[in-house]
Structure formats: structure tokens, C-alpha cells
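Notes to accompany the following structure.
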There are 2 protein chains.
Amino acid sequence: MIRVLLAEDQAMVRGALRTLLDLEDDISVVCEVGRGDEVVPAARTCLPDVALLDIEMPGGDGIEAARELTAALPDCRVVVLTTFGRPGFLRRAMEVGAAGFLVKDSPVAELAVAIRKVVAGERVIDRDLAAAALAMGATPLSTREADVLRAAADGATVADIARSLYLSEGTVRNYLSNAIGKTGARTRVEAARVAEDKGWL
Amino acid sequence: MIRVLLAEDQAMVRGALRTLLDLEDDISVVCEVGRGDEVVPAARTCLPDVALLDIEMPGGDGIEAARELTAALPDCRVVVLTTFGRPGFLRRAMEVGAAGFLVKDSPVAELAVAIRKVVAGERVIDRDLAAAALAMGATPLSTREADVLRAAADGATVADIARSLYLSEGTVRNYLSNAIGKTGARTRVEAARVAEDKGWL
DNA sequence: GGCCGCGTCTGACGTCTGTCACGCGCGCCG
DNA sequence: CGGCGCGCGTGACAGACGTCAGACGCGGCC
């Protein structure tokens, strides 16, 4: 019997996935959590074989939870499950040791299949998303440019960003200008949006 | 037997909800769609008693689908199901004739209960969301201010907004200034964010 | 009617932003 | 070593942005 931990913030989706998985003869959902910071504590007591983690959760995102989980329980496989394929997430998930990466757009049948594969030691990655990640390539943004764009995304002024990153205002403007050029946008907000969409943040 | 149409863009969630509902003795999911513009055509052939509509869908949002559906098939009850409670959505959903409004944060058990209630003629609204909608009150933004904020949200320049709304640039700046004042923000983007969060758009 | 409040619209003014040109430090390769 | 590319940082300038004061129409109220 495969023991599964289910981490997903929307209770209704979580419950539906639980009943779905419990219908499988060889799979048993041994614990459910709704927050990122509850994953590791729950896993310590439940000792699951597989952890199914959503990325968008309150209390720390699924990537961070995956990192802590693989460190704390190396025998537990991690499958990341997310709403839409930000190729950037895929790369980050792989870096923290996830064994699988599924998108919720896939048919439900793939879920149980993927769980069985990862306990067998395989890696499972959504094929469309893998193609997108390869097609996208690495980010053209430098470290600082990405930092500045992130800070600018929710409407901070140049002065705010300069303070929070300990930079001169002129420097911040320059980074923003570079990022705007590289993304093909015309304003900082547009740049932040396309960078976000392409997984460059 | 209650005939249900299920509209939800994420295939995995849709499939999970379907199996969940099909486990109920008196409920049968008669058709599934993944796009807003497929709702009415599918409903015409399936003739469901209840349509369960997600709001965020490609091909027209769930609110618009609900409006068309209640016009085309007045006997079909509409239940709107959404990820998180934007109180603004609740009001709009009620305006287009929805009989129920659930959030995916609720436990799964409420779903079947709600479906039975709406076919019995009751209205079902998530209680937390109703409280939030009442606590929020009406938007302080005027029509034009909301228009301009919406247009500014994704990084358009003043000139773009002015063209798309057939206004002078000075006027657009003035609306933005008003909106920034009313939202307590300091930039247009911040204003768009808080307005969005409070359901004022 | 006279008045006030409100939403809508416009132009003018100071500040902030985006762009450009340039300097610095560092790793790399001929 | 000298040059070269690259990321990082700074200052100056045109243009866009946010703010202000004001005009017009409209409905409500004394």
C-alpha cells in the first residue's frame, strides 16, 4: 500500500483528490494539510511514501516545503502539482529534489499512475511542460535585474526598491531599463508581467 | 436523479469533482466542459438540472456563462464555484441569476448538500463570503475610475488608456490620482492591486 | 430659482521614471 | 600582460506620471 501525503490549500479540491486516490486499491491518503508549513511536521508523524504538494499555498510555497521535506525525510518522494505550468517552477522544483511535476490540466488518471511511477523510482514530468521549459531556456535577466523586477511587480517606487536592496536610485532605474528592454515591454509593470509569465523570476 | 453539468478548466480538478459527485446516489454528472464558451452548447444537449461553474476559465468567464445559461435554460439552476472569495464576484454572480455561490476552500461535503438545496429552490451562499461582501460595502470608485484602474492594472501607459477609453490624457491622470487617493496607495499599480483585492473592480 | 454636492473632463506644474553615456571591477583568452 | 566582454554602479536629461486648481452638466434640497 502506497502511503500518500496530500498538501493543497483549497479544501474542496483536496477532499476531491483524496476520495479519488482512496478509490485506488494500492493507494492510501494518510494525511492532508492545507498549508506549506504544515507539510514537514505532518510528514514526520505520518511517514508517507509520497508527498503530493501544491505550489501555491499559504504558509510558505510548495517548493520550499519540498526542499525541507527531502532534507528531513529523504525516503519520501515528492511530487509537485500545480495549477498552470510556469516553466520556472519546474526548474526550481527539480533543483530541490522533486521526483515528479504534474499540472492540474492533465487528466486525473495520470495522478495515480504518476504516484506509482515515482515510488518505483522513476521521475515523472508533464511532457508539455518539459517541452515548454526546454523551449524557454535560461532567463536572460541578471540576478539584480530579477531582484528589481520582483520588487517592482507590486507597485513599489524606485526609492522603495533602492532602499530595500541597498542600491542607488539611478542603479535601480538602470536595471529596470535593462529588464524592460530584455522583456520587450514598455513599462516596469509590463516587464514584471512577462517575466513572471515566462518563469524568469 | 439530479443531472449536473460541470464546468472547470483544470482537468484534474474537474475529474476529481466528477468522481466525487458520481459517488452520491442521487447525483449524476451528465456533462463536463473546460471552457466558458462551451457551457451553453453543452447544456442545450445535456439538459442539466444544475450547472456548476468555475469563474476562471478560458473562453469567457463563469459569470458571463451563467448569464447566458440562465437566459437560454431558465429551468437550470446555476451554482458558481470559485477559488477564492472575491466579494465582487459574489455580487456579480447574484446579478446574473446564480442560485448558489461556493468557494473551493469549503469542505467537499458542502458541495453535494448545496446542489440538493438549489434544486429544492433554495439559495446557497458561503457564509464567510457573504459576511465579507456585506462588510466590504459598495465600491468607493466611480465608473470611470474603475475603468481606468482596470486598464492600468497590466502596465498600460496613460496614452494607451486614453486612447482605449477615448479620453484626454489629463483626464486619465486625474482618475488615476483619485483612485490612488481612495485606495490609500501611492502608485497606480498599488491602487489596482488593492482595488482588485477588495473586489472593487 | 438659487445653491450645493458629485461625477466628469481639461490644462498646467513639479516630481519621478526610463534612457543614455560613461566609469569601475573581474574573469577570460590570445 | 593587454585587451575584451560582462555585470554592476552612477549621473544627466527628455518625457511620463501624479497632483492641483478649475470648468461644465446634472440631480437633489432649501
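The values are calculated or read from the model by the stated rules, or taken from the named source; none is laboratory data. Here the structure is a predicted model, which means the values were calculated and not measured. Backbone-built Cβ (ideal geometry, glycine too); neighbour counts: all protein chains shown.
Computed quantities for the displayed model
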item	result
Strands (runs of 3 or more DSSP E) enclosed by segment A:1-84 - at least 3 residues per element that are in the same structural domain as A:R123 (by TED's automatic domain parsing), more than 23 Å from B:L102 (Cα to Cα) and under 19 Å from the mean Cα position of the chain (by Cα)	A:50-54, A:77-82
Residues located in segment B:92-123, provided they are within 12 Å of B:V80 (Cα to Cα) and within 14 Å of chain A (Cβ to nearest Cβ)	B:G100, B:F101, B:L102, B:V103, B:K104, B:L111, B:A114, B:I115
Residues of segment A:111-128 that turn out to be under 19 Å from the mean Cα position of the chain (by Cα) and without any contact (Cβ under 8 Å) to a residue 40 or more places away in the chain, as a count	4
Tabulated pairs, segment A:154-171, first acidic (D, E), second within 8 Å of DNA strand C (Cβ to nearest atom), C-beta under 7 angstrom, 6+ apart or interchain	A:E169/A:V158; A:E169/A:A159
Whichever residue in segment B:164-190 is surrounded by fewer than 16 Cβ atoms within 10 Å (Cβ to Cβ) and either within 14 Å of another protein chain (Cβ to nearest Cβ) or part of a loop (DSSP other than H, G, I, E, B) (or both) and, among such residues, is farthest from DNA strand D (Cβ to nearest atom)	B:Y166
Residues within segment B:145-162 that are farther than 20 Å from B:V194 by Cα, more than 7 Å from DNA strand D (Cβ to nearest atom) and either more than 14 Å from every other protein chain (Cβ to nearest Cβ) or among the hydrophobic types (A, V, I, L, M, F, W, C) (or both), tallied	1
Qualifying residue in segment B:129-137 (condition: closer than 30 Å to B:L23 by Cα and either part of a loop (DSSP other than H, G, I, E, B) or within 18 Å of the chain's Cα centre (by Cα) (or both))	yes
Per-region count, segment A:149-160, residues within 8 Å of DNA strand C (Cβ to nearest atom) and part of a helix (DSSP H, G or I)	4
